[in-house]
Structure formats: C-alpha cells, structure tokens
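One structure is given here, and the rest of the page talks about it.
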Amino acid sequence: MAASSTDLRPRRRPPGRVVDLHPISPGRLLSVYLILAVGLTGLAARLAWLQVVDSPRLQAKARAIQTHSQVPIGKRRTIVDRTGRLVALDEERYTLWAHPRYFNLPGDDPQKLRPPADVIERLAPVLAVPPASLEDRIGGRRSGVKLATDLDPDTAERVRELGISGLDLEAYPQRLYPQGSLFANVVGFLNLERVPQAGLEQSRDRDLKRHEAVLRMRRGADGTPLPEGLQAGVLYGDDLRLQLTLDARLQQVAQQALSKQVKQWKAKRGVALVMDVRNGELLALASTPTYDPNKFWKFNPGLFREWSVQDLYEPGSTFKPINLALALQEKAIDPNGRVNDSGSLTIGGWPIFNHDKRANGVIDFPTVLQVSSNVGMVNAMARVKRDRFWHWLHTLGIDAVPDTDLPGAVAGQLKDRQQFVSHPIEPAVASFGQGFSLTPLKLLQMHAMLANGGRLVSPHITRGLRSGDALASPASRSGVQLLDPAVTKVVLGWMESVVEKGSGKGAKLAAYRIGGKTGTAQKARNGVYIPGARICSFVAVLPIEDPRFAVLVVVDEPQGANAYGSTVALPVSRQIMEALLVLEKIPPSKPAAAAAATARPAA
C-alpha cells in the first residue's frame, strides 16, 4: 500500500505593504495648529457674542416661545343696590368660529379630514339650530366662519365637550341689567362696542373698569407650568362691586305708582325721589317714561338722560315752606304772626292773585300753607329785606351745581342780585316759588335741610366700592348747618298742619305724623309761561317727631281741569310712603305726640 505524502513545510505569507515613515515638516504642523487655533478662537468669539452681546435678544425669543400670554377680555365691575341685589353685571358670552380645513372628530386619525356634514350632524343639536342653517353659513369656505354668537357658558361648555377639531370659541363679556328698566335712568348702559353712553356707567367709568393684568406663565418643554414663571399679582382677583344707596324694592313701588299716574293723567313725564335726610342718601329715584338698557337700541335717545337732575322748572308752592324758614331765620316774621290775604294785589304794575282767586282774610302762617296762599306769601316775604332774600337763595345754592355723584347735575337759574333787588316783582313772585328755577333734586335737598334741623346735605346714590359680598353701612350724619334747628322745627309743624287740615289731607297715614306741601306751578319756556301747561308736585317729610325721609313727586304737564299737586302727585307719594315705612321698619308715632300735634293751636 502506497503511503500519501503530506507537505509539512510552512507556507510563506505574501509580503505586506510597508509605509515608509518620513518626518513631518514644521510648516505643515504649524498650518494645522493655526487652523485649530483659529477655529477655537472663532468658537470662543461666537460664544462670547451669544452670551454677552446677543443674550437679551435670545432670552426674549426663548421667553416668547416658553411663555403663554392670556390677554384679559375687559370685564367691568358689578353694580348692586343697597341690599346687594344685582343691578348690572358682566356675564361671559362666546362666539363660535368654524375652520372646515381642520375638521376632525375624536378618535380619528390626526391626518384625517372630515367633511362639514359630519361636524354639523353633531353640532346642530347642541346649538339648537337646523342643520341646513349651519350648512348655508359654512358654504364652501375653508376657514373663519362665524357659526353662532352670544352663546351662554353652558352651551359653550357642551360645544367643548364635543372635542371637534376646527371649532374655536372666542370669549367676550356682555353687560347685563337684571332689573331691566328699573334703574336705567340712573345706571345707564354700554353700547354694543362696550362704550358707556349714560348714567353711572359713563360718569363712573374708571371705577367700574375691573383691574385685569395680562397673565403670563412660563412653561417647560412638555408644557408644564413653571412656578418661577408667575409674576407677582397676576393671580389677583378683582371682586370689587359698586354699591348704590337705592333700594330695588322701593324703586319698584315708586316706578309702578308713578307710571300708573302719568298714564292716567296723560302727562309728559314724572319723577319720584326719596332721600334719607340725615346723610343725603337716595333710596329711590324713579323716572318715567324710561327704557330697557338691555335693548337700548329700541328706544328714543331722549330717554337716556335723567331729567330730575338735568332739567329746570319753577317749583311753585312746594318752595313756600323754604321761604317761610328764611323769613323766620331773618326774624322778619313771628311764628305766631298773621298776614292779610286779600285775594289779589298789584306789585310794580303786575297783578298777583291766589290760585282760586279767593280772599282768605287775616290768617296765620300754618293757614298760609294749608290754603297755599300766594298773596299771604308775598306779604310775609315783603318783610324780608330784598338783598337778604337774594342772599339766602344764593346761599342755598339755587344757582350752583349741587354737590352730588348723580351724573349730569346742573345748576339752577336765579336772577342776579341787582335785578332781584331793584325790581319789586322779582322777590314778590319768588315768594311763592316762581321767577327762578331749579331741578327736582335741588328742591328735595332743601326740604331735607328743613327735616334734619337746618343742615344742607349732599344728595348721592353710591356708597362706594366693596369687596366680595360685603355691604357698606349707611353714612353718618353730615351736612353744612345753615338754619337754626328751632326755625326748621316750627316750619315742620306748619307742614304737618297741611296734611292734617289742608291740601295734603290725602297723605295722612294712620298712626304716623307726616308733613307735606302740594304745588301746582305754571310751566315756563324761554321766560314765557305756556298757556295751560302745569307742573304738579308734592313733597313730604316723615315722621315729623324724628324726621328721617323726604319724598318728592313731580309730574310734568298732566292733562285735565282737575290736575293739581293734591290729585296728581300726592297719591304717588302716599304709596311710596306706605312702602317706605314697612321696608325701613319705622315705628308708629307715639300716641301722646300725635295727640299733642292734633291739639296744637293753629298759631
């Protein structure tokens, strides 16, 4: 057997490539070094530029990306009455926009685009509108379609719960007036652009703007809010409310009674005011005709102003108690004195007579008020020096703008001193409330002065801003002392006799002592009396033993031969007083006091 031969010799590897090592030239090393040095220097310079020079811009850009800004929608503060009832408030409303190019339903692939019909099918029941209406609004438009406006918060939340991409809710505030027309003459309104147009909304615009800061919050890369990103004060909640002195309950009584009487007598307009004589707070300021501030565009713009603080009229006989107080203050008449009422007289060639053309003979001052004697007033005030008479009318502020927070208040008109003193007819007609003019608000202020012992208080309708549900208490007694309290007490007694025995009998309320004065004045325009045009009024003070309130009702141009202060204005005042006594819990007058008042001699 032949044996196999095996080659056991080692195999030779192919020769490998051998790189010859050569020394690098110094110039080449230097070039590499310079390139690296220049690169590092450039990087260092760029880093210094970014950190030192360009840092503010980069930080601002980063903050813009990281910071979420929420701009406030411009809400206004709430207005409440003296008991906290809502008078005006802002409620959030929404406008619904559609962007069909982004329509996508919950659970869909993010890239899937739904046709408008799929969205309308879900949206129509929520909005309570026919699907066809939504289809017409969208049409073939791709974005920016206004589907609905004036959506309430509940409806807006149901739209959000649908989770439909391509629907956008835009929030905006809407001013609401829950009491409707009840406070329109005082509060005013905002137009559709939220610009104040009348009343307190306009005069107290700065106070009613809610403090709202732009909310800026920094977020991390995943959207998580960063605590250090909140600025101081951004979470401050402005819950201030403007509180009025008016009482919605009394305002409603006054409004209803006044409206009924104005309609019955076919009058042009009317106003009823109630004032707390101790501090000047108005509990009611009702005016008719009026308007609904929630639908202001449906009404004549002439109704947007409150005429009781902006229009002048001659007060007539309701000013007679004021004049008698001035005569007593000057000691020109005696409380127990008398005057002769001949029924008519002539002053400077001008005839003056009583409203009924009757002569009442020699009468005392309570009777002068009871029968509303013009001739008796002329004879009484003739005992006051003319310059002193003018001085007092000026001191009472007839020709000055009253100190009040009521918007649009104006000054009255009073003849200048020279004309008043040199023409005898001027003080003569002024003695029974004509020849000068003022606003109903000013007349009420002066009767409040008689009621509170001679202090002239500032009429006002606001108690200021209060936080949350807190309510301010009534203001303390105030006012400037002008008349002797003893003088005003005498005149109040005379006014009580008007209700007990005179033209104010219709204002008597069982168990209560009330003082009052009727007035039926001629109406003048541009210095000329309008034939047949009258202004009827009635002013009351109660309770006489401790006066707290003054009530004034003025009705402009009632129609009919029997239109007088006692028939037109007095019934409204009586209804207001009945409600006022209940709401303010005024206890009945003491029987002894009432008996003493009844037994008091007329002098």
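We did not get these values from a lab; they are worked out from the coordinates using the rules stated. A quick note: this is a predicted structure, and the numbers were derived from the prediction, not measured. Here the Cβ is made from the backbone with ideal geometry for all residues, glycine too, and neighbour counts use every protein chain on show.
Listed by chain and number, the aspartates and glutamates whose alpha-carbon sits under 20 Å from that of K268, ignoring those within fewer than 8 places in the same chain, are D292, E306, D311, E314, D556, E557.
Computing FRET efficiency as 1/(1 + (r/R0)^6) for T149 and A472, where r is the C-beta to C-beta distance and R0 is 51 Å, gives about 0.85. When each of the peptides 104-115, 553-564, 371-382, 350-361 is scored by the mean number of other C-beta atoms lying within 10 Å of its residues, the order from highest to lowest reads 371-382, 553-564, 350-361, 104-115. Reported to the nearest whole Å, the Cα centre-to-centre distance from region 295-315 to region 132-178 is 38. Of T567, P196, V498, which is farthest towards the positive pole of the chain's charge dipole, taken about the Cα centre with +1 and -1 on the beta-carbons of Lys, Arg and Asp, Glu respectively? Going by the Cα projections, it comes out as P196.
Report the percentage of all Cα-Cα pairs in the chain whose separation exceeds 38 Å, rounded to a whole percent. The calculated P(r) of the chain puts 52 percent of pairs beyond 38 Å.
Segment R122..Q59, full-extension length gain: 18.2 nm, with 0.36 nm per residue of separation and the alpha-carbon distance subtracted. Cα centroid separation, region 428-444 to region 524-551: 9 Å. Helix 248-264 and the longest principal axis of the Cα set of the chain meet at an angle near 60°.
Candidate cross-link partners of K585 among the lysines, defined by an alpha-carbon separation under 25 Å and a same-chain spacing of 8 or more, comprise K489, K505, K508, K517. Straight-line cross-link partners of K415 among the lysines, defined as a Cα under 23 Å from its Cα and at least 8 positions apart when in the same chain: K320, K385, K442, K523. Computed extension gain for R210 through Q310, at 0.36 nm per residue and net of the alpha carbon distance, reaches 33.1 nm. As I understand it, the value is the acute angle between the Cα axis of helix 153-162 and the longest principal axis of the Cα atoms of the chain; what does it come to in degrees, rounded to 10? That works out to roughly 20 degrees. Between the Cα long axis of helix 116-127 and the first principal axis of the chain there is an angle of about 30°, rounded to the nearest 10. What does the helix-only formula give at 222 nm for the chain: each DSSP H stretch with n ≥ 4 adding -39500 (n - 2.57), the total divided by the residues, and the result rounded to the nearest 500 deg cm²/dmol? Rounded to the nearest 500, it is -9500 deg cm²/dmol. Distance between the modelled labels on R358 and A400, one decimal in nanometres: 4.1 nm (7 Å Cα→Cβ projection).
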